[in-house]
Amino acid sequence: MLNEPGSVSPLIIPCGYLKAYETIVFVSHKDHYIKFAEETTPGSVLIVVSDWLLLQDLLKGDEHVVHLDACLCEEVINDAARQDLLEQANEWMYDGTGQDLTAFKGVSIGRLFNRETSLALLSIFQIAKASKWVCETYKPTSVVLYDIRTEFGLIPGQIKIDILSSAATDLNARFINRFDDPGQASLAFPYTQDFTHRPHKFSTPGTGSWIRENLRSIYASGIAFLFRSNWIMNHRQERILLLPTGLMLENLLAHFDPASNISPLLIAEREKKNLGFLKKLWAKNVSLCTLPKVRLNAHNKNQLLGIVEAVKKNWATLSVSALQRYLRQYVQSKILDDYELLKHSARAICSIDKLLNTAKPKRIVVSDYMNPGTQEYIDLAYLKGIPVDYLPHGARVSAVRHEPLTGSKRIPAKISRSLIWGGQMSHYAEDYGIADKVVRIGYPALDNLDTGETLKQKSLGEKKKNALILPYSSDTEGYVNMSSLIFWNLVETVRVVHRQGYENIHVKIHPGEKFNSSYYRKVLDLSGVDVKMIHQPSGLIPHLEWADIVVGPIVSSSIVETLAYGRPFYAMLLQPSVNRPGYLKQVPLYANAGELEQALIDETPINREEILQYLASRSDIKNASQAFWKAMVRV
């Protein structure tokens with residue numbers, strides 16, 4: 001029995017386990033364990049669990065149990081094998097000549113689902129490799145499947161059954177199918193099952209009740225008409241369509257000079273429409289436009305049916321690897337067979353196409369080129385010759401190739417320039433040969449932030465009481481999507497911080513993460529420390545005045561905001577990872593809670609000014625928003 005629950009890495013297989021097991025059972029829920037436990041003797045069966053909390057419960061007893069993540073071989077976490085993940089997730093849509101069979105009005109419908117299909121491919125990869133490894137290592141005569149899961153519950157049951165059946169058959173083991181998906185109602189899993197990155201509400205006008213949506217549309221259209229009239233009267237000839245949101249957009253608008261010969265253009269459906277905000281926009285001569293409502297005609301609908309037919313016909317003639325076959329199963333069940341989803345995507349393309357033809361922006365600025373609602377703008381702008389700038393909202397530390405930025409053998413790069421914060425973001429550009437497309441402007445979200453002139457910077461030598469912990473989030477690029485490592489590191493980090501004298505600990509979950517709060521609460525309770533859990537739509541800044549130190553992932557903007565506010569930030573880069581420490585040469589990084597504790601004990605100094613310059617150009621660019629607008633004018 002473990003001295004402290006959750007204190008052992010889920011990647012470690014305990015000593016004393018057998019070299020072979022007659023039966024291996026795959027489970028994801030405690031009900032699965034209950035179903036077969038009475039039929040077996042503890043220690044005679046190897047249990048492979050997909051859930052970190054269930055692992056902790058079973059480790060208390062005499063069962064031989066490992067986490068699915070412990071069965072992942074080195075191939076899965078090799079950098080080279082994952083740099084082309086996003087490209088591989090698009091292979092299903094191409095024929096033998098490299099033609100994209102999902103093109104609609106010149107836009108790839110299939111590519112709109114790239115984030116979802118990359119998560120699906122990664123999940124398939126993990127399930128296939130882990131099940132093969134555990135079967136080859138422990139040589140069972142029987143393999144029993146109740147369920148097997150990765151982070152987001154994306155993979156349909158039939159694909160799981162096919163993968164496990166194949167792994168068993170390859171070793172002449174008997175496959176016993178007892179598949180049982182407990183369903184999301186059990187709240188047994190950390191992430192909600194509807195976690196998908198699909199064309200969302202910003203792509204097309206809303207889809208709520210008819211009366212509500214029409215009232216919203218009339219209101220937005222009326223406002224847009226007034227703002228367009230204002231723009232015409234002020235003789236604005238060139239407009240910059242801005243798609244960033246939040247604090248970054250607020251600062252860009254606050255520092256825009258209304259006397260400039262360009263005008264910011266916003267999409268009304270995306271923005272606040274209260275009177276105070278509208279007055280600010282009016283004073284700045286900002287333009288507003290609305291997404292046109294469109295209907296698909298018979299030709300459009302026939303095009304969609306033709307796309308589905310062409311893809312399936314191509315699959316029948318083009319042989320691929322087993323992993324790609326499983327991905328095809330996923331795409332067919334979740335995308336191609338969902339005709340309403342395809343129509344929604346087509347309407348979004350038509351609507352944005354019409355908007356760009358009417359608004360005629362000089363340039364478009366995006367912050368998340370992986371978002372389906374943004375990819376449509378990028379593709380259509382490229383076809384129309386409208387340059388697109390990328391303004392990051394987080395550090396670029398991953399080795400994964402992003403086709404809109406870098407281009408690939410399939411498509412050209414479609415981002416004209418990267419408006420990077422600091423020198424740190426140039427490493428990625430240099431590796432992929434796009435350094436000539438980089439303009440360093442700083443980080444606009446910091447422009448209105450008190451950076452210590454009136455707020456005294458807290459040092460490590462002062463009385464320490466309050467610690468703010470920002471957990472990792474599972475994502476496409478992180479470290480093989482292992483939520484088990486997230487939870488293990490979170491519990492250990494809470495214990496470390498508490499041992500080092502921080503009496504009050506807050507854990508703030510990323511506001512964009514969909515998760516079951518009861519699951520996170522149970523994870524935190526395992527630490528044995530009284531912790532306040534925060535999951536609010538608010539940003540980080542309101543929590544920094546309270547905090548004495550902040551511990552968080554290097555992959556977000558939190559390090560820049562924290563240091564600029566005058567708080568020490570301890571940057572975590574969990575391993576294994578495809579994120580490159582070489583992209584963060586001037587930032588102290590901690591791979592686990594043990595390394596963090598040593599840094600706290602040693603009071604390792606944090607060179608705040610040097611890191612802020614490296615990450616966000618804080619020394620030589622005093623106002624990033626003004627630098628942004630200069631970059632807009634000089635092209």
The stretch 35-156 - accessible surface per residue (Å², probe 1.4 Å): 31
Derived scalar couplings ³J(HN,Hα) [the stretch 466-471; Karplus, 6.51 cos²θ - 1.76 cosθ + 1.60; whole Hz; x for Gly, Pro]: 10, 10, 10, 10, 10, x
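Mind ordering 45-55, 162-172, 546-556 by average Cβ neighbours within 10 Å, highest first? Please report the intermediate quantities before stating the final value.
On the way: 45-55: 24.4, 162-172: 17.3, 546-556: 22.5.
Final packing ranking: 45-55, 546-556, 162-172.
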Phi to ³J(HN,Hα) by Karplus 6.51 cos²θ - 1.76 cosθ + 1.60 over the stretch 173-181, Hz, x for Gly, Pro: 9, 7, 9, 10, 8, 10, 3, 8, 7
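How big is the stretch 506-597 by the Kirkwood estimate over distinct Cα pairs, in Å?
On the way: mean 1/r = 0.0684 Å⁻¹.
Answer for the stretch 506-597: a Kirkwood hydrodynamic radius of 14.6 Å.
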Å² per residue, accessible surface of the stretch 515-571 at 1.4 Å: 33
Accessible solvent surface per residue of the stretch 307-442, calculated while the other protein chains remain in place, 1.4 angstrom probe, Å²: 36
Rounded to whole Hz, the Karplus (6.51, -1.76, 1.60) HN-Hα couplings of the stretch 386-394, x for glycine and proline: 8, x, 10, 9, 10, 10, x, 10, x
Whichever aspartates and glutamates have a C-alpha closer than 15 Å to that of residue 35, once near sequence neighbours (fewer than 8 apart) are set aside: 63, 147, 180, 181
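The values are calculated or read from the model by the stated rules, or taken from the named source; none is laboratory data. Keep in mind that this is a model prediction, so the values were computed, not measured. Note that each Cβ is placed from the backbone with ideal geometry, even for glycine, and that neighbours are counted across all protein chains shown. Side chains included, ligands, DNA and RNA excluded: accessible areas come from the protein's heavy atoms. Shrake-Rupley method; radii C 1.70, N 1.55, O 1.52, S 1.80 Å.
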